[in-house]
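The values are calculated or read from the model by the stated rules, or taken from the named source; none is laboratory data. Note that this is a predicted model, so its numbers are computed, not measured. Positions of Cβ are backbone-derived with ideal geometry, glycine not excepted, and every protein chain shown enters the neighbour counts.
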Amino acid sequence: MSRGIGVVEAAAGLPEPIVVLAALVTAFGDVWFVFGLLGALYWFGTALPGPLSLSRARAAFAVALALGALAVTTALKELFRLPRPPGATEPAGAEAVPAALTPLYAEIGAASGFGFPSGHAVSAVVVYGGLGLLVGSRRGYAAATALCVLLPVSRIALGVHYLVDVAAGLAVGTAYLLGVYRLCGWGSKPGRAMLLALGAALVAAGVGYTTDTMLALGGALGSRLTWGIVGGEVVRGPETLGGGIAATAIGLAFSVLFAAVYGLDVAPYVSFLGMAVVVGGVLAAPLGGEALARRVSSHT
């Protein structure tokens, strides 16, 4: 019997507009979007207006959650090595997308590699559920709940995961989030949350020496080492709008390296080294950003 228990077959008959909408929703769980969002929250800190304004310490905690979700997902995928549904590498609903956007749509709406558990389902709970708890508002809880439902559903609608993959991802994500909540003092100990992510990444590396496991290990190790060096100064430092803008510029420079490491087929050790440098640069960016903002302010 299929792991999807008939759901994949039913999803194949969905109207194209629904499938395209599912692709737009699923982008919220892609690695590039998750780390881009969390990076912005961290670089700006409390200077960011709106409901997602978090201190840099709490935003660093959210970054640690995402790194842990990535490590747990890669460990389990490599351990079980279960395939995705047939046709997962071909983007469903591509016929309804303008030809100029087809390559981008294919990146979002298709998937390759192992399918169990769903990384998007894990991230939905750990990252967005975690953000909802960190924000601590009714709107935050409502948005987190919606994404925890819609992201997994979008993966089934696109035909890139079986139902069991998604259910397992939700269960794994919930277990990991609860574990971090109990062990790390919710939002107050990002260094400890990074240490948990490093432990999960070491398990992943023990399961298999692959580009994905080394990517997770490099990110977790880079975060823990960098935070141990600069975390105290980041927490004690100012959180200004000018500093956030400058930190974003610095962080985006490292994001170019992230795009190369994540998007290209590089050797596992290159993924490890590149991701360690990327995450280290992202976490250290506020120090350079605030220093640059002070210098500019003193000359005006």
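The listed residues are GLY130, GLY68, GLY115, GLY140, and the only one of them that is surrounded by fewer than 20 Cβ atoms within 10 Å (Cβ to Cβ) and closer than 29 Å to ALA193 by Cα turns out to be GLY140. Residues in segment 283-300 that are over 29 Å from ALA216 (Cβ atoms) and in a helix (DSSP H, G or I): GLU290, ALA291, LEU292, ALA293, ARG294, ARG295, VAL296, SER297, SER298. Restricting segment 40-54 to residues that are at pLDDT 95 or above and in contact with a Gly (Cβ under 6 Å, 6 or more places away or on another chain), the residue that is surrounded by the most Cβ atoms within 10 Å (Cβ to Cβ) is TRP43. The criterion of at least 1 residues that are among the small types (Gly, Ala, Ser) and under 26 Å from LEU217 (Cβ atoms) is met, among helices (runs of 4 or more DSSP H) falling completely within segment 71-152, by 119-123, 130-135. For segment 176-224, a tally of residues being touching a residue at least 24 places away in the same chain (Cβ under 8 Å) and either over 28 Å from VAL266 (Cβ atoms) or among the acidic types (Asp, Glu) (or both) returns 11.
Screening the candidates GLY199, GLY173 for the property of being within 24 Å of LEU134 (Cα to Cα), out of contact with any Leu (no Cβ under 9 Å at 6 or more places or on another chain) and crowded, with 20+ Cβ neighbours inside 10 Å yields one hit, GLY173. Number of residues in segment 266-282 that are outside any helix (DSSP H, G or I) and either β-branched (Val, Ile, Thr) or at pLDDT 95 or above (or both) equals 1. Restricted to segment 278-300, and to residues there that are crowded, with 18+ Cβ neighbours inside 10 Å and of a type in the set (A, V, I, L, M, F, W, C), the residue that is farthest from GLY113 (Cα to Cα) is ALA293. Quick check on segment 160-167. Is at least one of its residues acidic (Asp, Glu) and either farther than 21 Å from GLY288 by Cβ or in contact with a Pro (Cβ under 7 Å, 6 or more places away or on another chain) (or both)? Yes - at least one qualifying residue is present in segment 160-167. Summed over segment 254-277, residues that are small (Gly, Ala, Ser) and either on the phi > 0 side of the Ramachandran plot or buried (at least 16 other Cβ atoms within 10 Å of the Cβ) (or both) total 4.
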